[in-house]
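Below: one structure, written as structure tokens.
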Amino acid sequence: MSRNARFRYPLEPILLTRQWELDALLVELGEHNAAVAAQAARVGGLQAELAAAGAEFNALAGSGATLSVQRFLIVSRYVGDVTLRLRGEQAELERLEALRDAQAERVVASRRGVDAVEKHRDEMKDKFVQQRLSGDFKVADDQWSTLQAGMTSHAS
């Protein structure tokens, strides 16, 4: 083994490719998370709108004032419309969450692949260092033996 040999991992291109794939999956996961957050905000807005309509209806009904049929019909249709939109938005939120969860599973699987190659690289590097140290100790031992042999021949 050459004294100036450096560790070169032969599977480095595979490690880099896997890391790039993981990075791309993480970007996609971020996009999914943003879509889920935006959809959750829409659902929250509709829930607030529905709560406000319900509160307004209860206030009208609780005030003791007579509620015209036309006003009742308008409020009922409005509440029904908001409820229908809310169900649609909640279904969309569930769909987006399922997509995000599937993406998260792909990220976990990709992370495992990267971790496996990194572990292999670290094991190979440790083996390289051990071989290098073993070679260095052998050279030092040979030099010590040569030095000792030279000292014994000079002493006699």
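The values are calculated or read from the model by the stated rules, or taken from the named source; none is laboratory data. Here the structure is a predicted model, which is why all the values come from computation and not from measurement. For neighbour counting, all protein chains shown are included, and Cβ atoms are generated from backbone atoms with ideal geometry for every residue, glycine included. Accessible surface areas use protein heavy atoms only, side chains included; no ligands, DNA or RNA. Shrake-Rupley method; radii C 1.70, N 1.55, O 1.52, S 1.80 Å.
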Which of the following residues is modelled with pLDDT of 90 or more and in contact with a helix residue (DSSP H, G or I) (Cβ under 8 Å, 6 or more places away or on another chain): GLU56, GLU31, GLU49? GLU49
Every residue in the range 17-26 that is in contact with a Ser or Thr (Cβ under 8 Å, 6 or more places away or on another chain) and either open to solvent by 60 Å² or more (accessible area, probe 1.4 Å) or farther than 18 Å from HIS120 by Cβ (or both), please. ARG18, GLU21, LEU25
Within the range 78-107, the residues that are polar (S, T, N, Q) and either open to solvent by 60 Å² or more (accessible area, probe 1.4 Å) or more than 25 Å from the chain's Cα centre (by Cα) (or both) are THR83, GLN90
Here are the criteria: (1) hydroxyl-bearing (Ser, Thr, Tyr); (2) open to solvent by 90 Å² or more (accessible area, probe 1.4 Å); (3) at pLDDT 95 or above. Tell me which single one SER110 does not satisfy. (2)
Which members of the range 73-94 meet the condition of being in contact with a helix residue (DSSP H, G or I) (Cβ under 9 Å, 6 or more places away or on another chain) and basic (Lys, Arg)? ARG85
Of the listed residues (ILE74, ILE14), the one being in a helix (DSSP H, G or I), open to solvent by 40 Å² or more (accessible area, probe 1.4 Å) and under 30 Å from GLY135 (Cα atoms) is ILE14
Residue check, ALA34 open to solvent by less than 50 Å² (accessible area, probe 1.4 Å) and closer than 30 Å to VAL114 by Cβ: no
Looking at the range 44-66, is at least one residue open to solvent by less than 50 Å² (accessible area, probe 1.4 Å) and touching a residue at least 40 places away in the same chain (Cβ under 8 Å)? yes
